[in-house]
Amino acid sequence: MNDNYSETLGWDLGIPAQESASDIFILIFCMGKPVYGPHAAWSQTRIAWSDLDDDALFVARKGTAAWYAVSIHSDDLPSGWQTLELRTLAASDSDLYALASRAVQLLRWRDHHRFCGACGGETTGSPSEHVRHCHDCGHTFYPKILPCVIVLVTKGDELLLARSHRHKQTDQFSLIAGFVEVGETLEQAVHREVLEEVGIQVTFPQYQGSQTWPFPGQLMVGFVAEYAGGAICIQEDELVEAGWYAVDQLPKVPNKLSIAGWLIRRFVTSLGKDPEALITGW
Ligand SMILES: [Zn+2]
């Protein structure tokens, strides 16, 4: 089975000196979506160093090629250009998805930190790293990642699946997930989220893998935990329903490119069954 979550990212993330990158590619975004023109595939729009806008943000490099991101207003989108959904990119090309995911999060961070949150002064970037400095009060602002736990809870050969209000129309079920609270460990977040959302206790949370999730900027940290007690009682403002499912009676679940889909398929495989034969999710 695909083990994407332990693979090395194929990009170098250190900001290059100008003379070390000979091929510059520009990644254009509009309202958080990758856009591309009629003459080049997304990520393949080449420009000269001299044409690189001061506002362009370094994203990644590979060898002597470097990718920079810019954001344009929807009024400035040339006719014939199209936007892509990030999720579509995830389904078609995981390498480009990683590039786009990083780019869109960096652009959002920069746009949200043009002014200092402490004193309101204007901030400026750095040529050597992704940081914004406030020269009025000295605060610095680095890109933020929001840690979230996502947990596959097992009870013998069954797993816990829940359907949220967000997926009410699509009938898609998924795993319990939630943001890590300030002052909490990942494991504590697993116990708390499961108890809050479905009213049961779990034990033995074990880290499985992680995934960047740019909607808007989470790091999804995947766990498996075992059922330890309690009856399912859903948090009604979050969930529509939740229940225990045998792997040969699964409802629609996330695709294998999301960590939820990956954890579910791996659990099916661990029981000696074929996930592709049992799972009908997209
Ligand atoms: Zn300040």
State in Å² the accessible area per residue of the chain; use a 1.4 Å probe, count heavy atoms of protein chains only, and round to the nearest integer.
-> 52 Å²
May I ask you to give the percent of accessible area on region 135-282 that is carbon plus sulfur, with a probe radius of 1.4 Å?
-> 53 percent
Hey, if you put +1 on the Cβ of every Lys and Arg and -1 on every Asp and Glu Cβ in region 146-278, which of 146, 183, 235 ends up farthest toward the positive end of that dipole?
-> 146
For the chain, what is the percent of antiparallel DSSP beta bridges, rounded to the nearest 5?
-> 70 percent
Just check region 146-278 against the gyration tensor rule for me: Cα atoms, a ≥ b ≥ c as the square roots of the eigenvalues, rounded for a/c under 1.5, and otherwise prolate or oblate depending on whether a/b exceeds b/c.
-> rounded
Set 155/252; 155/273; 252/273; 33/168 screened for pairs whose C-alpha atoms are more than 22 Å apart | 33/168
In whole Å, what is the distance between the alpha-carbon centres of region 68-117 and region 187-251?
-> 30 Å
For a label point 7 Å along the Cα-to-beta-carbon line of residue 31, residues of region 74-92 with backbone N under 11 Å | 74-75, 83
With label points built 7 Å along Cα→Cβ from the Cα atoms of residue 139 and residue 13, find their separation and express it in nm.
-> 2.4 nm
Would you mind finding the longest exposed-site-free stretch of the chain, with exposed GluC sites (Glu not before Pro) meaning DSSP loop and at most 14 other Cβ atoms within 10 Å?
-> 8-84
For residue 81, solvent-accessible area (1.4 Å; no DNA, RNA or ligand), Å² | 70 Å²
What residues of region 82-97 lie in the reach of a label at residue 169, counting those whose backbone N is under 19 Å from a point 7 Å from the Cα along Cα→Cβ?
-> 85-88
FRET efficiency (residue 23, residue 95; Cβ distance; R0 22 Å; to 0.05) is 0.85
Add -39500 (n - 2.57) for each DSSP H run of 4 or more in the chain, then divide by its residues: what number comes out at 222 nm, to the nearest 500 deg cm²/dmol?
-> -6000 deg cm²/dmol
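The values are calculated or read from the model by the stated rules, or taken from the named source; none is laboratory data. As the structure is a computational prediction, the values presented were derived from the model and not from experiment. Backbone-built Cβ (ideal geometry, glycine too); neighbour counts: all protein chains shown. What goes into the accessible areas is simple: the full protein's heavy atoms, side chains included, and nothing from ligands, DNA or RNA. Shrake-Rupley method; radii C 1.70, N 1.55, O 1.52, S 1.80 Å.
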